[in-house]
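Here, each number is a calculation from the coordinates, and none is a lab measurement. Because the structure is a prediction, the values reported are computed rather than measured. Glycine gets a Cβ as well: all are built from the backbone with ideal geometry, and neighbour counts include every protein chain shown.
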Number of protein chains: 2
Amino acid sequence: MKISQKAQACNLSPMRKFHPYAVEAKAKGKKIYHLNIGQPDIETPPNYYYAIQNFDNPVLEYAASPGMPVLINAIQHYYDKLGIHYEENEILITTGGSEALQMLMLSILDEGSEVIIPEPFYPNYNTFVKSAGGVIRPITTTPEGGYRYAFREKLEEAYNENTRAIMFTNPGNPTGVVLTPEELRTIADFAKEHELYVIGDEVYREFVYGGENLATIGQFPELADNAVIIDSVSKRFSACGARIGAIITRNKELQQNLLKFCQARLSVATLDQVASAALYRVGPDYFEKVRKEYKLRRDTCYKKLLEIPGVVVKEPQGAFYMMAALPVDNADSFQKWLLTDFDDNGDTVMFAPGEGFYATPGRGLNEIRIAYVLKQQDLERAMDLLALGIKKYNETHK
Amino acid sequence: MKISQKAQACNLSPMRKFHPYAVEAKAKGKKIYHLNIGQPDIETPPNYYYAIQNFDNPVLEYAASPGMPVLINAIQHYYDKLGIHYEENEILITTGGSEALQMLMLSILDEGSEVIIPEPFYPNYNTFVKSAGGVIRPITTTPEGGYRYAFREKLEEAYNENTRAIMFTNPGNPTGVVLTPEELRTIADFAKEHELYVIGDEVYREFVYGGENLATIGQFPELADNAVIIDSVSKRFSACGARIGAIITRNKELQQNLLKFCQARLSVATLDQVASAALYRVGPDYFEKVRKEYKLRRDTCYKKLLEIPGVVVKEPQGAFYMMAALPVDNADSFQKWLLTDFDDNGDTVMFAPGEGFYATPGRGLNEIRIAYVLKQQDLERAMDLLALGIKKYNETHK
């Protein structure tokens, strides 16, 4: 029996690579501080659970394929408050941002089509692009440059006749980079000029820490046919297990083709849609509170990293990740060592080694992604463990 | 901006084709009896709702990518009772049977790979196969032959060097055909000989009406590497809106590749998994009761169809669909006419015209699929409307 070439070209998640070592370390009684996955500890607004408890149809029926009106209307209202109006048929509900990405790639990529993506990037983009027959054309960024990517000349270098789209996470996972209005404009102009889709994965939109206005690729009227927003309730409301996302676009031809995939999979889970609509009823105070909490964590991580000799890091402006270069020979070996050979009073720490976030071989070898999803006190301890680990590792690996 | 060739090759659902006419008919005050969609009216076991109400994690977290142990164990237990034991890692939880099919096709099909599927078939197979670059090679069946398809010579005719898999819905949607043990054996032997995947879409397994044992393609030990079961709670427990399915296979290489897609989309909805595990706690009396209800409906539909002059139909043995040839020139025109020009005391009826269930052009033009998902009394009225409609349509269309 054969396995498809596209499946073979995909990989298992680099974030799960050290899972077996973590299991072993825990079995030996070690406590692990997890900075390796983006599962926030923030409570899901209880509206979610209330809405489900009030659901009273004794038959759990299919929802409409493009999504339930109650949720589409809630998302419309959210964007209205950002100053951008979408019609109902411009919002398609998906099973998480993941299904949104999968459907979108299947709809726009042929064998050998290229997507420009700044690296380091969210590793699952690999699977969505490759399984649709596409190729990622990376714009390489560096720790020293604060991982900024929106430069006209970089875009031109990456572009060729096979390019179909530019895609980026903004605010950035794994880098925390938030595009400035000028940078967003640079990308918008480039996409318009070359008639490219410009795909903004904006699931972290609410998490910006410098008082910036919340920005979106949807704000440019001239990009009506180019712009596609990937959205999700997972991070916005700490509801990762709901698997509710959306594709938002004004491009009618694209909508019609996406709808084919929506119809083929019939519908998105009914209760999760009803409950996600209720999430959107939280007030601005909810976002302010969460933003404040993450900002505190960002500040803690950043400050602690600056104190470690040899670390290269610039202050990230958003999401709940930061990327840093460590003064170690190899972040993979270092992570493995932290789980197998290191502890401080029985404690150790996990992060995501950088290599898996790059498409270019050999990049990111001494970098790590930190997800600051732990409470303040745990975060401080985790960062101290990182500092101590680097010191000890370098003493024993010369 | 370009749309991919594979998306262009897909179609909107043929089941939704007459939706605009239905909306218009309803606006004019007509009552429509819906036999066109497979949304059962049977109540979802309340275990589902109880389980959700008892969920007490304040953070709605991601589940594990391959599925939650509580649900995997429930499915293991269900198959144990059928006499087939699966290990935990042989069951991958998916977002409905739909995601199972999508992941599977992406994992096994390259550009031009072929899948043998008896026609008429579930129309969404088109999108899953085509979006993975594959081609459906149909085995054509007929109303006169009771839509039976498992013949050695038919399989040989359809096979060529590009064939990767044989796929079928058993019990059948749209035909209601249930494979006999000998037919299942014919397919199993053929798949083994030619080293093909044999994909049993067995979501209707519990719905057989002749007292047959519940059968599965998983029952052949020699097919350990070939057999893949597509499963779902949607029809089994009348929980279509849960979007919980599974891929079951002992093929380790396939498992590893499917896992890449599972990890890329992170997880399946947490609450729906917890609640679906609770569904599996219903006793055999639940299935007996539901089976009895559907059998009564099957008998009603079949008896009523036999009374209509010129209809060709054989007694279907399972699922909750039947396919029949009508004495009309064209089932599409007839359906449209039923919505726009016909009523009996303000009532009319909808079914799914047959053409969309075939891959071969020109097939199924005078056939329809009937989903017997209505209560007995409504079903009788609907079938009377069909009989009256055929009579009147033929009087005015000569």
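Starting from the coordinates of the alpha-carbon atoms of the range A:306-370, obtain the Kirkwood hydrodynamic radius over all distinct pairs and give the value in Å to one decimal.
Every distinct Cα pair counted, the radius reaches 12.7 Å.
Could you tell me which of rounded, prolate or oblate describes the range B:45-86, using a ≥ b ≥ c as the square roots of the eigenvalues of the alpha-carbon gyration tensor, with rounded for a/c under 1.5 and, failing that, prolate when a/b is larger than b/c and oblate otherwise? Taking the square roots of the gyration eigenvalues as a ≥ b ≥ c, the range B:45-86 is oblate.
Taking only the C-alpha atoms of chain B, the Rg (one decimal) and the largest Cα-Cα distance, Dmax (whole number), read 21.2, 66 Å. Hey, what angle do you get for helix B:270-279 against the long axis of chain B, alpha-carbon based, 0 to 90 degrees rounded to 10? The angle comes out at about 70 degrees. Look at the stretch B:202-212: the mean tally of other chain Cβ atoms within 10 Å of its residues' Cβ atoms is 0. Calculated FRET efficiency, A:Lys303 to A:Arg185, Cβ-Cβ distance, R0 = 51 Å: about 0.95 to the nearest 0.05. The DSSP beta bridges internal to chain B are antiparallel in roughly 45% of cases. Please report, in debye to the nearest 20, how large the charge dipole of the range A:47-279 is about its Cα centre when each Lys and Arg carries +1 at its beta carbon and each Asp and Glu carries -1 there. About 500 debye.
From its DSSP helices (H runs of at least four residues, each -39,500 (n - 2.57)), chain B gives a residue-normalised ellipticity at 222 nm of -12000 deg cm²/dmol.
Helix B:376-396 axis versus longest C-alpha principal axis of chain B: approximately 50°, rounded to the nearest ten.
When +1 charges are put on Lys and Arg Cβ atoms and -1 charges on Asp and Glu Cβ atoms, the dipole computed for the range B:88-171 relative to its Cα centre reaches about 200 debye. Taking the range A:1-32 and a reference point 7 angstrom along Cα→Cβ of A:Asp41, the backbone N atoms nearer than 13 Å belong to A:32. Dividing the mean sequence gap of close Cα pairs (under 8 Å, 6+ apart) by how many residues the range A:212-272 holds gives a relative contact order of 27 percent.
Shape of the range B:196-355 from its Cα gyration tensor (a ≥ b ≥ c, root eigenvalues): rounded if a/c is under 1.5, otherwise prolate when a/b > b/c, or oblate? Here the range B:196-355 falls in the prolate category.
Counting only Cβ charges, +1 for Lys and Arg and -1 for Asp and Glu, the dipole size of the protein assembly as shown around its Cα centre is about 720 debye. Seen against the Cα atoms of chain A and their longest principal axis, helix A:284-306 is set at about 30 degrees.
Subtracting the Cα-Cα distance of B:Glu222 and B:Met1 from their residue separation scaled by 0.36 nm leaves 74.7 nm. Ordering A:Pro171, A:Phe207, A:Tyr159 by the projection of their Cα atoms onto the charge dipole of the range A:150-256, which places +1 on the Cβ of Lys and Arg and -1 on the Cβ of Asp and Glu, puts A:Phe207 at the extreme positive end.
Here is the size of the protein assembly as shown from its Cα atoms: Rg then Dmax, 27.4, 95 Å. For the range A:273-340, the Kirkwood hydrodynamic radius comes to 14.9 Å, computed from all pairs of different C-alpha atoms. For the pair A:Ala27 and A:Asn213, label points projected 7 Å from Cα toward Cβ lie 5.6 nm apart.
Taking the label point 7 Å along Cα→Cβ, B:Ala9 and its counterparts in the other copies are spaced 1.5 nm apart, in ascending order.
Lys/Arg Cβ at +1, Asp/Glu Cβ at -1, dipole of the protein assembly as shown taken about the Cα centre: which of A:Phe128, B:Ala277, A:Ser234 is farthest positive-ward? The listed residue farthest towards the positive side: B:Ala277. Each part reduced to its alpha carbon centroid, the range A:89-117 and the range B:1-41 end up 23 Å apart.
For chain B, the relative contact order is 25 percent, taking Cα pairs closer than 8 Å that sit 6 or more residues apart in sequence and dividing their mean separation by the residue count. Ratio of Rg to Rh for the range A:47-279: 0.96 [Cα atoms; Kirkwood radius as inverse mean 1/r over pairs]. Shielding of peptide B:40-52 by partners, expressed as the average count of other chain Cβ atoms within 10 Å per residue Cβ, is 3.
Within 10 Å of the Cβ of each residue in B:10-23, the mean number of Cβ atoms contributed by other protein chains is 2. Placing a pseudo-label 7 Å from each Cα along the Cα-to-Cβ vector at A:Ala9 and A:Thr360 gives an inter-label distance of 2.1 nm.
Label-to-label distance for B:Thr142 and A:Ile84 is 5.8 nm, based on points extended 7 Å past Cα in the beta-carbon direction. Restricting the trypsin sites (Lys or Arg not before Pro) of the range A:1-97 to loop positions (DSSP other than H, G, I, E, B) with no more than 13 neighbouring Cβ atoms within 10 Å leaves A:Lys28.
Which of the three applies to the range B:83-146, rounded, prolate or oblate, going by the alpha-carbon gyration tensor with a ≥ b ≥ c and a/c under 1.5 meaning rounded?
In terms of gyration-tensor shape, oblate.
Relative contact order of the range A:47-279, taken over Cα pairs closer than 8 Å and 6 or more residues apart, is 30 percent. Expressed to the nearest 5 percent, the antiparallel share of DSSP beta bridges inside the range A:47-279 is 35 percent.
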